[in-house]
Amino acid sequence: MHRLWPPSPGGSPTVVDDTALERLYDYPDDLDRPWVQVNFVTSADGAVAVDGHSAGLSSPADKKVFALGRDLADVVLVGWGTARDEGYRGLKRTETRTDRRLRRGLAELPPIAVVTPRCSVPPDSPLLTDTAVPPIVITTGASAAADRAALTAAGADVVVAGGRELDPVAALAALDERGLRRVCCEGGPRLFGDLVAADLVDQLCLTVAPLLAGGGIGRITGGGPVPVPRRLALASVLSDDGFLMLRYRRGD
């Protein structure tokens, strides 16, 4: 059961139903640019995985919020390493997903946009073979032309965003050209770090699991530090069975 903090004036946390959850996590109306929400889960001591997978840190409440991010988005953005390790494939129709998207005038299903600077997605990946919507593959000019051609022939929409290095601004511009402005980014850390460095993150949805995973596991952002930390404002806090679901928005 989700409970919203801070407590109500009477002193008890407010129980949040699915309708209220949709209002909390919905994207702004009338967007004129890509608006990026990033989803991550971490242990209380900062680990991003257990046994190499984020599922070991999740909970039913976290999974509900995670699914909601997909249901309300125009596109799901993910790095190839995360997509590969977590076994990504195209999103499926569900009664809840179909209802939410129909009410908002969204496409029946959002595509997966996979970021892979070296165009490493194989043409027989489930992202291409087990999907109702062709994926978008975002790569660089340094990738092999033959690899880009093979993915195009397999049905992917291949986008070149940057020369030797990925240009996240160009990647979002390509999504914008396709009318995909509600961007749900699901990691991994390197992609998140690139978005932070380019100051492109509008909202961070961070679940903190009541677990201690120990050292040696990476953090949610990769790459180098930014010269000036980006200010965020805490927009909401949900709790369920010891898990905290934090929602931060871009600060002033």
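The simple Förster model, with R0 at 25 Å and r as the Cβ-Cβ distance, assigns residue 173 and residue 231 a FRET efficiency of 0.50.
Identify the residues of region 99-117 with backbone N under 16 Å of a label point that sits 7 angstrom from the Cα of residue 130 along the Cα-to-Cβ direction, or state none. Answer for region 99-117: 112.
Taking amide H positions as modeled 1.01 Å from N, with prolines and chain starts lacking one, the residues under 5 Å from residue 235 and 5 or more places away or on another chain are 247, 248, 249. Backbone phi angles across region 136-149, fed through the Karplus curve with coefficients 6.51, -1.76 and 1.60 (θ = phi - 60°), yield HN-Hα couplings of 9, 10, 9, 9, 10, x, 7, 6, 6, 4, 5, 5, 5, 5 Hz in residue order; Gly and Pro are listed as x.
Axis of helix 60-71 versus longest Cα principal axis of the chain: the two differ by about 50°, to the nearest ten degrees. Would you give the gap between the C-alpha center of region 126-200 and the C-alpha center of region 237-251, rounded to a whole Å? Each part reduced to its Cα centre gives a spacing of 28 Å. P(r) tail for region 115-252: Cα pairs beyond 24 Å make up 43% of the total. For residue 14, the residues whose modelled amide H falls within less than 5 Å of its own, excluding neighbours fewer than 5 places apart on the same chain, are 4, 8. Relative contact order, percent, of the chain when contacts are C-alpha pairs under 8 Å separated by at least 6 residues? Relative CO of the chain lands at 27 percent.
For the listed peptides 218-229, 142-153, a ranking on the average number of other beta carbons within 10 Å per residue, highest first, reads 142-153, 218-229. Neighbours of residue 170, meaning other residues whose beta-carbon lies under 11 angstrom from its beta-carbon, give a summed charge of -4 when Lys and Arg score +1 and Asp and Glu score -1.
Here the Karplus curve 6.51 cos²θ - 1.76 cosθ + 1.60, taken at θ = phi - 60°, turns the phi angles of region 81-87 into couplings of x, 5, 4, 5, 5, 8, x Hz, with x standing for Gly and Pro.
Charges were assigned to the Cβ only: +1 to each Lys and Arg, -1 to each Asp and Glu. The resulting dipole of region 24-166 about its Cα centre is roughly 200 debye.
For region 167-172, 3J(HN,Hα) computed residue by residue from phi via the Karplus equation (6.51, -1.76, 1.60; θ = phi - 60°) reads 9, x, 5, 5, 4, 5 Hz, glycine and proline entered as x. Accessible surface computed residue by residue for the chain, with neighbouring protein chains in place and a 1.4 Å probe, gives 48 Å² per residue.
Near residue 56: Cβ cut-off under 15 Å, other residues only, Lys/Arg at +1 and Asp/Glu at -1. The net charge is -4.
Stretched out straight at 0.36 nm per residue, the stretch from residue 30 to residue 18 would grow longer than its current Cα-Cα span by 2.0 nm.
When only the Cβ of Lys, Arg, Asp and Glu is charged (+1, +1, -1, -1), the dipole of the chain relative to its Cα centre reaches about 100 debye. Radius of gyration (Cα atoms) of the chain, expressed as a multiple of 2.2 N^0.38 Å: 1.00. Each residue of region 31-155 gets 138 Å³ once the volume of the Cα convex hull is shared out per residue. To put it simply, the accessible area of the chain at a 1.4 Å probe is 53 percent carbon and sulfur.
For region 86-195, the Cβ-based charge dipole about the Cα centre amounts to some 380 debye (Lys, Arg positive; Asp, Glu negative; other atoms uncharged).
The values are calculated or read from the model by the stated rules, or taken from the named source; none is laboratory data. Everything numeric in this text was worked out from a predicted model, so none of it was measured. Positions of Cβ are backbone-derived with ideal geometry, glycine not excepted, and every protein chain shown enters the neighbour counts. The accessibility values were calculated without ligands, DNA or RNA, using every heavy atom of the protein model including side chains. Shrake-Rupley method; radii C 1.70, N 1.55, O 1.52, S 1.80 Å.
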